[in-house]
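Written below as structure tokens is the structure these notes are about.
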Amino acid sequence: SSGINAEYGGLPIMLTLMVAKWVGDLFNKGLYDMHIEFKKWPLLEWEAEPIWETLRASDVMKTNLEWLNSTPTVGRVVDVLRRTKHSAFPVCVYTDKSGGYHRISRSTSFRSQLRLQGLILRSQIVTLLKKEQFRDYGEDQQDLKYSELTEFYPKYPDIDDITLTVAEQNKIIDCCKYMNPCPYTVSPYAPITKVFTLFRSLGLRHLIVVNNRGEVEGMITRAELQEHFLEQVFDLKKERTSAASSLVTTNPILPGLTINGVEAPEGQHKTLHTF
């Protein structure tokens, strides 16, 4: 008898806990979900809501990007890292209307003409600075091995802990040797449900939005795919659509007016689209 109680005595407790959890989930989120929301961790839901199908990547992407060229100065890199908390940066070149390439340090007004070259992580840049992987123009330098580039994982140095002289800040860093030359990208017209699937299935943290000319339009991170943020964007787009629909007015056609060679009967109305 004691053996039977020991073997099956835990079953009622398990059933009680399961029923208690189900009842609790009917009234509020689970404890772990509430903790994740409190900490503001950008964890995604299992799947996107069907109503978000009307949203596009251009509706949620960040457009005020910080970017680097392929050989930025150390001073420029340090300035970007200290002003932002971004964990990755697009590496770009500026293209003019004639198709020529220009390496410029920073110009957000030229964002729509930034040709994407790759993506470099904040951790990689900080490691390069820590190991003094910068040089003068025209100077050769030995590349870091992968083991050296990931030496500080998972606790990478903070940019404020790195001290550089004025002379060192005038040197350059070669991003092309360490960047990802083929990051995942998406069209501005891609539906959010597709973007959501890419993040969930590939474990992405960054997704660059580029147009059909390969020019950077913006970037999407997990923060832009949070449920509360997408709901705000969806409601705002719905309001704009409603406002546009209100511009459609119905006016009577004047007597004797012909449409496609046929005279319209008196009193008939037509819809005038004013947008």
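Structure data summary
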| quantity | calculated |
| --- | --- |
| Nearest-0.05 FRET efficiency for L11 and D174, computed from C-beta distance (R0 51 Å) | 0.20 |
| 5 angstrom amide H check on L55, placed H, neighbours 5+ away | I192 |
| Distant-in-sequence amide H partners of G218 (H built 1.01 Å from N, under 5 Å) | V209 |
| Estimated distance in nm for a label pair at N28 and L198, the labels positioned 7 Å out from Cα along Cα-to-Cβ | 3.8 |
| Residues of the range 117-153 with amide N under 19 Å of the 7 Å Cα→Cβ point at A167 | 129-142 |
| Accessible-area composition of the range 156-251, carbon plus sulfur, in percent [1.4 Å probe] | 52 |
| Estimated FRET transfer efficiency (N211, T150; beta-carbon r; R0 41 Å; 0.05) | 0.75 |
| For peptides 15-23, 203-211, 116-124, sequence by mean Cβ density within 10 Å, most packed first | 116-124, 203-211, 15-23 |
| Residues with amide H under 5 Å from that of G118, placed H, sequence gap 5 or more | V91 |
| Inter-label distance for R76 and R135, nm, one decimal - labels placed 7 Å from Cα along Cα-to-Cβ | 1.8 |
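The values are calculated or read from the model by the stated rules, or taken from the named source; none is laboratory data. Remember, it's a predicted structure, so these values are computed and weren't measured experimentally. Every residue, glycine among them, receives a Cβ derived from its backbone with ideal geometry; neighbour counts consider all protein chains shown. We work out accessible area using only protein heavy atoms, side chains counted, and drop any ligands, DNA or RNA first. Shrake-Rupley method; radii C 1.70, N 1.55, O 1.52, S 1.80 Å.
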